[in-house]
Amino acid sequence: MLALVLLAPAPAPAADEAPGSPPVSLDRLLKLPASVDYDMETRGGSTPEEWRSRFRAARRDVQAAQQELVQMTQELEETSSSEGAWKMSPPGLGGLQAPNPDAPGNYQATVGIKRAKAELARASAALRDLEIEANLAGVPDSWRRDE
(Lines give C-alpha, C1' and ligand atoms only; values in the text may rest on other atoms or scores of the structure.)
Protein backbone atom coordinates (compact mmCIF):
# COMPACT_ATOMS: atom_id res chain seq x y z
CA MET A 1 0.00 0.00 0.00
CA LEU A 2 2.93 2.26 0.63
CA ALA A 3 4.01 1.79 -2.96
CA LEU A 4 0.70 3.18 -4.24
CA VAL A 5 1.11 6.37 -2.26
CA LEU A 6 4.66 6.85 -3.51
CA LEU A 7 3.66 6.28 -7.15
CA ALA A 8 0.64 8.65 -7.12
CA PRO A 9 1.32 11.95 -8.93
CA ALA A 10 1.75 15.01 -6.81
CA PRO A 11 -1.21 17.44 -6.81
CA ALA A 12 -0.84 20.39 -9.21
CA PRO A 13 -0.23 23.75 -7.56
CA ALA A 14 -3.25 26.05 -7.39
CA ALA A 15 -3.48 28.93 -9.86
CA ASP A 16 -2.71 31.51 -7.20
CA GLU A 17 0.28 29.45 -6.10
CA ALA A 18 1.90 29.27 -9.55
CA PRO A 19 5.53 30.27 -9.33
CA GLY A 20 6.51 33.52 -11.05
CA SER A 21 2.98 34.82 -11.82
CA PRO A 22 1.65 37.87 -10.02
CA PRO A 23 -1.84 37.65 -8.53
CA VAL A 24 -4.62 39.09 -10.75
CA SER A 25 -7.66 40.73 -9.20
CA LEU A 26 -11.17 40.04 -10.44
CA ASP A 27 -11.72 43.73 -11.33
CA ARG A 28 -8.74 43.65 -13.65
CA LEU A 29 -10.04 40.53 -15.37
CA LEU A 30 -13.46 42.07 -16.02
CA LYS A 31 -12.16 45.26 -17.69
CA LEU A 32 -11.03 45.65 -21.27
CA PRO A 33 -7.40 46.60 -21.68
CA ALA A 34 -6.71 50.30 -22.14
CA SER A 35 -5.20 49.54 -25.54
CA VAL A 36 -8.61 48.46 -26.93
CA ASP A 37 -10.38 51.33 -28.68
CA TYR A 38 -13.56 51.20 -30.72
CA ASP A 39 -14.09 53.65 -33.57
CA MET A 40 -17.90 53.63 -33.45
CA GLU A 41 -20.16 54.27 -30.53
CA THR A 42 -23.07 51.86 -30.33
CA ARG A 43 -26.33 51.84 -28.43
CA GLY A 44 -28.46 48.76 -28.23
CA GLY A 45 -25.95 46.95 -30.41
CA SER A 46 -26.33 49.34 -33.36
CA THR A 47 -24.31 52.25 -34.70
CA PRO A 48 -25.81 55.69 -35.33
CA GLU A 49 -26.18 54.99 -39.05
CA GLU A 50 -27.93 51.67 -38.37
CA TRP A 51 -30.43 53.43 -36.06
CA ARG A 52 -31.02 56.15 -38.68
CA SER A 53 -31.58 53.51 -41.34
CA ARG A 54 -34.08 51.61 -39.18
CA PHE A 55 -36.02 54.80 -38.41
CA ARG A 56 -35.91 55.86 -42.07
CA ALA A 57 -37.37 52.49 -43.16
CA ALA A 58 -40.08 52.57 -40.47
CA ARG A 59 -41.15 56.11 -41.43
CA ARG A 60 -41.11 55.17 -45.12
CA ASP A 61 -43.45 52.22 -44.38
CA VAL A 62 -45.89 54.48 -42.50
CA GLN A 63 -45.86 57.04 -45.30
CA ALA A 64 -46.43 54.38 -47.97
CA ALA A 65 -49.37 52.96 -46.01
CA GLN A 66 -50.88 56.45 -45.61
CA GLN A 67 -50.55 57.09 -49.35
CA GLU A 68 -52.17 53.74 -50.15
CA LEU A 69 -55.09 54.57 -47.85
CA VAL A 70 -55.57 57.98 -49.49
CA GLN A 71 -55.43 56.39 -52.95
CA MET A 72 -57.97 53.70 -52.06
CA THR A 73 -60.29 56.27 -50.48
CA GLN A 74 -60.14 58.43 -53.60
CA GLU A 75 -60.83 55.39 -55.75
CA LEU A 76 -63.89 54.55 -53.65
CA GLU A 77 -65.19 58.12 -53.96
CA GLU A 78 -64.66 58.10 -57.72
CA THR A 79 -66.44 54.79 -58.28
CA SER A 80 -69.37 55.71 -56.07
CA SER A 81 -69.92 59.03 -57.86
CA SER A 82 -69.36 57.77 -61.43
CA GLU A 83 -71.49 54.61 -61.37
CA GLY A 84 -74.71 56.31 -60.44
CA ALA A 85 -77.41 55.59 -57.93
CA TRP A 86 -78.63 52.44 -59.73
CA LYS A 87 -75.46 50.55 -58.87
CA MET A 88 -75.02 52.04 -55.43
CA SER A 89 -78.55 51.68 -54.10
CA PRO A 90 -81.41 49.33 -54.79
CA PRO A 91 -83.47 50.17 -57.88
CA GLY A 92 -86.58 52.21 -57.18
CA LEU A 93 -85.16 54.37 -54.42
CA GLY A 94 -83.94 56.95 -56.90
CA GLY A 95 -80.74 57.67 -55.04
CA LEU A 96 -82.53 58.66 -51.84
CA GLN A 97 -80.54 56.14 -49.89
CA ALA A 98 -76.83 56.70 -49.19
CA PRO A 99 -74.49 54.70 -51.42
CA ASN A 100 -73.76 51.24 -50.10
CA PRO A 101 -70.00 50.85 -49.62
CA ASP A 102 -70.31 47.06 -49.95
CA ALA A 103 -72.04 47.22 -53.33
CA PRO A 104 -70.30 45.18 -56.08
CA GLY A 105 -68.90 48.29 -57.76
CA ASN A 106 -67.14 49.30 -54.57
CA TYR A 107 -66.04 45.91 -53.35
CA GLN A 108 -62.43 46.11 -54.56
CA ALA A 109 -61.97 49.64 -53.24
CA THR A 110 -63.51 48.67 -49.89
CA VAL A 111 -61.22 45.67 -49.57
CA GLY A 112 -58.28 47.88 -50.54
CA ILE A 113 -59.21 50.40 -47.84
CA LYS A 114 -59.43 47.68 -45.20
CA ARG A 115 -56.05 46.31 -46.27
CA ALA A 116 -54.49 49.81 -46.30
CA LYS A 117 -55.86 50.55 -42.81
CA ALA A 118 -54.43 47.28 -41.50
CA GLU A 119 -51.05 48.03 -43.09
CA LEU A 120 -51.07 51.56 -41.65
CA ALA A 121 -51.81 50.16 -38.19
CA ARG A 122 -49.00 47.60 -38.55
CA ALA A 123 -46.47 50.17 -39.79
CA SER A 124 -47.42 52.65 -37.06
CA ALA A 125 -47.05 49.96 -34.41
CA ALA A 126 -43.63 48.99 -35.81
CA LEU A 127 -42.49 52.63 -35.64
CA ARG A 128 -43.81 52.91 -32.08
CA ASP A 129 -41.98 49.69 -31.12
CA LEU A 130 -38.77 51.06 -32.63
CA GLU A 131 -39.18 54.26 -30.59
CA ILE A 132 -39.60 52.20 -27.42
CA GLU A 133 -36.55 50.07 -28.26
CA ALA A 134 -34.51 53.22 -28.88
CA ASN A 135 -35.69 54.73 -25.59
CA LEU A 136 -34.66 51.62 -23.67
CA ALA A 137 -31.26 51.57 -25.39
CA GLY A 138 -30.65 55.26 -24.63
CA VAL A 139 -30.44 56.26 -28.29
CA PRO A 140 -30.08 60.05 -28.65
CA ASP A 141 -32.57 62.01 -30.76
CA SER A 142 -29.89 62.85 -33.32
CA TRP A 143 -29.58 59.13 -34.16
CA ARG A 144 -33.32 58.87 -34.79
CA ARG A 145 -33.56 61.41 -37.61
CA ASP A 146 -31.75 61.98 -40.88
CA GLU A 147 -29.07 64.62 -40.72
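The values are calculated or read from the model by the stated rules, or taken from the named source; none is laboratory data. In this text, all values refer to a predicted model and were calculated from it rather than measured experimentally. Ideal geometry is used to build each Cβ from the backbone, glycine not excepted, and the neighbour counts take in all protein chains shown.
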- Task: Please give the helices (runs of 4 or more DSSP H) falling wholly within segment 1-116 in which 2 or more residues are small (Gly, Ala, Ser) and modelled with pLDDT of 65 or more.
- Result: 48-82
- Query: Counting just the residues of segment 119-147 that are of a type in the set (A, V, I, L, M) and loosely packed, with under 11 Cβ neighbours inside 10 Å, which one comes out modelled with the highest pLDDT?
  - Reply: 132
